[in-house]
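Below is one structure, written out as structure tokens; the observations come after it.
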Amino acid sequence: MAFDFLSTIVPAKKKAKTGGVSSTATYNPQQTDRVLTVPRYRDHLTDIFTSRQSSDSRALLKELFKFDPDVSAALNAYLTMANTDWIALARDLEGNIDREATKQLQLAIEKIGRPTDYTLGFQLKKSMRSICEEMRYMCLLRGGIAAELVLDKQLLPDRIRNVDLASIEWYERKPGEYKPVQKIAGSNDETSLDIPTFFVSHYRKDPTSIYGHSSFVASINTIAARQQVINDLYRIMRLTGFPRMSVEVVEEVLTKNAPENIRSDDTKLREWKAARLGEIRQVVEGLRSDQPLIHFDSISPSIMNDQKPGSTVDISAVIDTLNAQNQAALKTMATVIGRGASGVNTGSVEARIAAMNADELNEPVAEILQNLLSFILHQNGFQGFVEVTFRKSELRPDTELEPQLALKSSRLRQDLSDGIITDDEYHLWMYGRLKPDTAPDLSGTGFAGSVNTRAEEVSPNSDPLGRSLSPETKRNSSS
């Protein structure tokens, strides 16, 4: 039974609207003639323990991404490790690479990331690397990505607009068929996004709900608890943690030196004593540590807590527990956020797990780019799909990977010689691009010779050091 997949790719019936339909998170239709609100840059004063009662988790996480040390460290670790090179290929319905369609796709990608019409003045067009970074940011912040392909006046792909999923609401008029709408800040109207140029991809979403959540939302309660402990610690340190000056005023001496008319009146005497205490307080409060204090014998200055400053309750165990909970809520490793205390082996395992988590973060980005770039080719009549893959996150430097790359190249060249892989596949795996037009076709030519693959004649003891891979020259060491 044959399946005709060509009929499954149906181009859009209506042309997409020039300039797009969706709105960005900073757009306000009521204030288009005003400058965008400048941030106050007071995030360092935010106390999540008091603000979490009035804000929802999405607003809190948006602030925590900026001012909380653990959340920002985990965020930057994810973005740094996941920032790898990516490859976009056009494949036909049989899975073969279409070189011409891939070249057209590369031109479309270049147009999206670079200004091409300089008559429009300033254009804040972002490269694909910056767009992918924003998508990863939104994956961690909102639990998914929403993007619209914006077309120019010639109905050619112009840019990719990042849409905040917090402004998207969904209708489900039929089981499993969801239609998105966007509610813009400052307006009660709904903008329908039931258009073919709008795409959504989620990151580890709850399958029982169409709305996603950030994977960092579990850290809010732990961060609030830690903030309360730190606030209490600050208060304790200010009271008992540091040496403090104490001034004792001898009341008997002070009373004897009071004027005669005041000494006989108890009310006036109390007022006179309070005034003298105020004068002493003003002198002592403005006194620097290097200034001498000259006083009568009615005053006895001293230092409080000068023998054991800071001898308070040990809260290190509480802080360690909260840090461990916070690390678990952020889905990251202790080594990544600077709290690794184990050996080298544990650090290596944690780094490997962190790299695997970063690779998972690229999956929804690749998914939405595949759908978006496939739409561009489908509008030109291409019968196939775009495949987007990101290179795996690698923590080792290139110089350390060079021996492994040489072994990989030797294996792939043998496969290329035997015709197991094509020339384009070899160049993609080794160089991340298609075969240049000037390079000869080597697939299946047997240029590398034959390799004995009989199992009974292959032994790891025959060449344990891999000397067969080294060139046969007289300068090689016999050892």
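Throughout, read-outs are computed from the coordinates displayed, never taken from laboratory work. If you're wondering where the values come from, they're calculated on a predicted model, not measured in any experiment. Neighbour counts are summed over all protein chains in view; Cβ atoms, including those assigned to glycine, are modelled from backbone coordinates with ideal geometry.
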Note, Leu416: beta-carbon cut-off 15 Å, +1 each Lys/Arg, -1 each Asp/Glu, net -2
Among chymotrypsin sites (Phe, Trp or Tyr not before Pro) in the range 120-210, those in a DSSP loop whose Cβ has at most 10 other Cβ atoms within 10 Å are Phe122
Listed by chain and number, the aspartates and glutamates with an alpha carbon less than 15 angstrom from that of Lys435, same-chain partners under 8 positions apart left out, are Asp98, Glu100, Asp423, Asp424, Glu425
Of every Cα-Cα pair in the range 379-428, the percentage lying beyond 11 Å is 77 percent
What the 10 Å binned alpha carbon P(r) of the range 5-216 shows, as percent of pairs per bin from 0, is 7, 24, 36, 24, 7, 1
For Thr37, the net charge from surrounding residues (Cβ-Cβ under 15 Å; K, R +1; D, E -1) works out to +2
Between the modelled labels at Glu363 and Ala448 (7 Å from Cα along Cα→Cβ) the distance in nm is 3.1 nm
Interchain or sequence-distant (5+) residues whose placed amide H lies within less than 5 Å of the amide H of Ile299 are Val250
Under 24 Å between C-alpha atoms, the lysine pairs in the range 147-277 lying 8 or more places apart or on different chains count 6
Simple spin-label estimate for Tyr118/Ile353, 7 Å along Cα→Cβ, in nm, reads 5.3 nm
Within the range 22-85, DSSP-loop chymotrypsin sites (Phe, Trp or Tyr not before Pro) with at most 11 other C-beta atoms within 10 Å are Tyr41
Most packed first (mean Cβ within 10 Å per residue), the peptides 323-329, 406-412 order as 323-329, 406-412
The extension gain from Tyr137 to Glu63, computed as 0.36 nm times the residue separation minus the Cα-Cα distance, is 25.3 nm
Plugging the Cβ-Cβ distance of Ser316 and Thr37 into 1/(1 + (r/R0)^6) at R0 = 30 Å yields, to the nearest 0.05, a FRET efficiency of 0.10
Quick calc: nm separation of the 7 Å Cα→Cβ label points for Arg396 and Asp92 -> 3.9 nm
Straight-line reach check, Lys331, cutoff 15 Å on alpha carbons, 8 or more apart in-chain or any other chain, hits among aspartates and glutamates -> Asp70, Glu350, Asp359, Glu360
Place a point 7 Å from the Cα of Asn261 in the direction of its beta carbon; the residues of the range 268-283 whose amide N falls under 20 Å from it are 268-276
Here the gain from full extension of Lys408 to Thr26, 0.36 nm per residue of separation minus their alpha-carbon distance, amounts to 132.8 nm
Rounded to the nearest whole number, the per residue volume of the convex hull around the C-alpha atoms of the range 244-304 in Å³ is 85 Å³
Toy charge model, Lys and Arg Cβ at +1, Asp and Glu Cβ at -1: the range 5-216 dipole around Cα centroid in debye, rounded to 20, equals 340 debye
Counted neighbours (other Cβ, 10 Å), sorted fewest up, put Cys139, Cys132 in the order Cys132, Cys139
For the Asp85, Thr46 Cβ pair and Förster radius 25 Å, calculated FRET efficiency rounded to 0.05 is 0.10
